[in-house]
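The structure appears below as structure tokens.
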Amino acid sequence: MTKITMLGTGNGGTINLYNTCFIIQNIGGGKILLVDTGGSIEIIRRLKEADIDLTEIKDIFISHSHTDHILGLIWMFKKMSRMFMHKEIKEKINVYCNDIVYEAIKGVSSYILSPKLMDIIYNNTNFVVLDDGDKHTINGIEYEFFDIQARGTKQFGFECNLDENRFVFLGDETLNSALYERVKNADYVMHEAFCLEEEENIFHAYEKNHSTALSAAKVMNELNVKNLILYHTEESHDNKKELYEKEAQSVFSGNVIVPNDREEIVLTKKNVRR
């Protein structure tokens, strides 16, 4: 069985929620894929709370170059550089990203890390610069990475098979209609939901190329998605899970999951437990 641990579920402007990032891990201590890293040193704490040591992280995917997705990686680099020096991490780590993300990581790192630490990191990191449609096997799972055709900065998602479920991660922009066929009939889809429909006039999700829980669920229902995971939200509601799930379920006939920070989603064959 596979579990997804949501280290954070907030959008780029949240304070009490950590920015959206998560790990995919086989239950029983299997290797992990870290997807995005949030925007601060808080990523170190979140990984520790999930019982993940930095020495265990060999594979990282960064979806796009916004600061709430890559700055956590710089803090990880600072910690890891010492581990590389002391041979606590003996293998190179793999960072999967598109070309824009790669240049952003290099640029930000050069302002924050010393030349010595930069050399250590870049000598011990294998940057895999992705093109649309590239496939890579990570921890025994084949991931197909694809350009989500974002209206903003260049952004990649991925598709894979987890416990016989077709699983699609769509980054943090509203799904482009050009990708409907890719998403159609998926068992699990991860899609952003910036706010509730009734509060769109407050948060202006649509003009930011984002969705409401309602608008995302409508499209996913039309595409016959079985399980919908919504994330990258605002943080004004203590009962966010209840409100977002209720709104999405009003138009979605499948299973809606709105995880809280630190929540685990356990996938089994064609099923889900939370």
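Numbers below:
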{"read-out": "Residues of region 224-274: accessible area per residue with a 1.4 Å probe, Å²", "value": "49 Å²"}
{"read-out": "Qualifying GluC sites (Glu not before Pro) for region 112-196 [loop in DSSP, other Cβ within 10 Å: at most 12]", "value": "164"}
{"read-out": "Charge dipole (debye, nearest 20) of region 109-212; +1 at Cβ of Lys and Arg, -1 at Cβ of Asp and Glu", "value": "440 debye"}
{"read-out": "Fraction of alpha-carbon pairs over 18 Å apart in region 38-113 - percent", "value": "39 percent"}
{"read-out": "Overall dimensions of region 144-214 as given by Cα atoms, namely Rg and Dmax in Å", "value": "12.9, 40"}
{"read-out": "For residue 165, residues with placed amide H under 5 Å, excluding near neighbours", "value": "270"}
{"read-out": "Region 18-139 - percent of accessible surface contributed by carbon and sulfur, probe 1.4 Å", "value": "49 percent"}
{"read-out": "Length added when fully stretched, residue 110-residue 123, from 0.36 nm per residue minus Cα-Cα", "value": "3.2 nm"}
{"read-out": "Cα Rg over Rh - region 56-178, Kirkwood", "value": "0.99"}
{"read-out": "Debye log10 I(q)/I(0) for the chain, one point scatterer per Cα, at q = 0.12, 0.13 Å⁻¹", "value": "-0.69, -0.82"}
{"read-out": "Hz values of 3J(HN,Hα) by residue in region 131-144 - Karplus curve (6.51, -1.76, 1.60), Gly and Pro given as x", "value": "10, 4, x, 4, 10, 9, 8, 10, 6, x, 10, 7, 9, 9"}
{"read-out": "Relative contact order of the chain, pairs being alpha-carbon contacts under 8 Å that are 6 or more residues apart, as %", "value": "18 percent"}
{"read-out": "Chain lengthening between residue 176 and residue 1 when straightened (0.36 nm per residue, less Cα-Cα)", "value": "59.9 nm"}
{"read-out": "Length released on extending from residue 149 to residue 207, taking residue separation times 0.36 nm less the Cα-Cα span", "value": "19.2 nm"}
{"read-out": "Unit charges on C-beta of K, R, D, E only; dipole of region 1-102, Debye", "value": "320 debye"}
{"read-out": "Dipole moment magnitude, nearest 20 debye, region 140-274 about Cα centre, only Lys, Arg, Asp, Glu C-beta charged", "value": "460 debye"}
{"read-out": "Cβ-based charge dipole, region 140-213, positive-most Cα from 188, 211, 149", "value": "149"}
{"read-out": "Space enclosed by the convex hull of the alpha-carbon atoms of region 22-77, per residue, Å³", "value": "68 Å³"}
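The values are calculated or read from the model by the stated rules, or taken from the named source; none is laboratory data. This structure is a prediction, so every number in the text was calculated from the model and none was measured. Cβ sites come from the backbone with ideal geometry, for glycine too, and all protein chains shown count toward neighbours. Please note that ligands, DNA and RNA were not included when accessible areas were found on the heavy atoms of the full protein model with its side chains. Shrake-Rupley method; radii C 1.70, N 1.55, O 1.52, S 1.80 Å.
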